[in-house]
Amino acid sequence: MRVVASDTGGALLTEDYEPLGLIATVAVLVEKPYRTASLSRVKYADPFNYDMSGRQAIRDEAYLAAKLAREVKPDVVHLDSTIGGIEVRKLDETTVEALGITDRGKEVWKDLSKDLQPLAKRLWEETGIEMIAIGKWSVPVRIAEIYSGIYTAKWAIEYAKKNGKVMVGLPRYMRVEIRPERIYGESLDPREGGLFGEIEANTDGIGWELYPNPLVRRYMVLEVWKE
């Protein structure tokens, strides 16, 4: 099975480790043996002006995943929204109201479905590819999450080169290494079977440090500065 999945992760942090906004939406193509991505695409957001309600992240994830799916023709698309693996093309207002999620979640999805239901329906009608809201149960979604952390590190490098220094939070249970011309990231959860990712990047002229977020367990902080 070939799966396109998407997720949004990585946050710009204040000096007090509070998140300002999210940074990287990533879509990946994942194939057997399902430990890393064969291909990745990123869309960077403006973390200084970000809608933290969840609407922006899910909308960006769906559109980026649909774009990659049209390019690589996977068997299915997985979105990072845990609402029971429902086909997004079927998410009309009545279906959303029947979901076993919070009232706030229902309001978010009623709003999102106005854009995403037609998007998923069009993808299915034109390609036969189903877009499924499966969430963190999906290994490809988790791989997309790891890549969002890797691309967050790349964003931090570019930001630090222009502005001197930056501090970002990585997605849960993961770490990164900034290597010559590359950024490597991997899961810290031993139950996940060694999920990892790597991208090319210009890593010259920077210093970096990785350590646990003192306010939130399971999350690492990456500091990057210009040398």
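Would you mind classifying the range 26-128 by shape? Square roots of the alpha carbon gyration tensor eigenvalues, ordered a ≥ b ≥ c; an a/c under 1.5 is rounded, otherwise it is prolate if a/b is larger than b/c and oblate if not. Oblate, because a/c is 1.5 or more while a/b does not exceed b/c. Placing unit charges on the Cβ atoms of the charged side chains and taking the dipole of the range 110-178 about its Cα centre, the candidate lying farthest along the positive direction among Ser138, Gln117, Gly128 is Ser138. Given in Å, the Rg to one decimal and the Dmax to the nearest whole number for the Cα atoms of the range 92-227 are 18.8, 56. Would you kindly give the portion of the calculated P(r) for the chain that falls above 33 Å, as a percent of all Cα pairs? Percent of Cα pairs beyond 33 Å in the chain: 16.
Per residue, the range 1-77 exposes 46 Å² of solvent-accessible protein surface, assessed with a 1.4 angstrom probe and all protein chains in place. A simple charge model with +1 on the Cβ of Lys and Arg, -1 on the Cβ of Asp and Glu and nothing else charged puts the dipole of the range 107-198 at about 380 debye relative to its Cα centre.
Under the definition of Cα pairs under 8 Å and six or more residues apart, what whole-number percent is the relative contact order of the chain?
It rounds to 22 percent for the chain.
Under 19 Å from a point placed 7 Å out from the Cα of Lys165 along the Cα-to-Cβ direction: which residues of the range 189-227 have their backbone N that close? Taking a point 7 Å out along Cα→Cβ of Lys165, the residues of the range 189-227 whose backbone N falls under 19 Å are 205-215, 221-227. In this structure, the pairs whose alpha-carbon distance is over 19 Å, taken from Lys90/Lys110; Lys43/Lys165; Lys67/Lys136; Lys73/Lys114; Lys32/Lys73; Lys43/Lys226, are Lys43/Lys165; Lys67/Lys136; Lys73/Lys114; Lys43/Lys226. If R0 equals 35 Å, the separation of the Cβ atoms of Leu215 and Lys43 corresponds to a calculated FRET efficiency of about 0.80.
Of the residues Glu18, Glu145, Glu181, the one that moves most in a GNM of the chain with alpha-carbon contacts below 10 Å is Glu181. When the charge dipole of the chain is built from unit charges on Cβ atoms (+1 for Lys and Arg, -1 for Asp and Glu) and taken about the Cα centre, the candidate among Met1, Ala57, Val216 whose Cα reaches farthest toward its positive end is Met1.
The values are calculated or read from the model by the stated rules, or taken from the named source; none is laboratory data. Note that the structure is a prediction, hence the values are computed from the model and not measured. Note that each Cβ is placed from the backbone with ideal geometry, even for glycine, and that neighbours are counted across all protein chains shown. Surface accessibility is based on the protein's heavy atoms, side chains included, excluding ligands, DNA and RNA. Shrake-Rupley method; radii C 1.70, N 1.55, O 1.52, S 1.80 Å.
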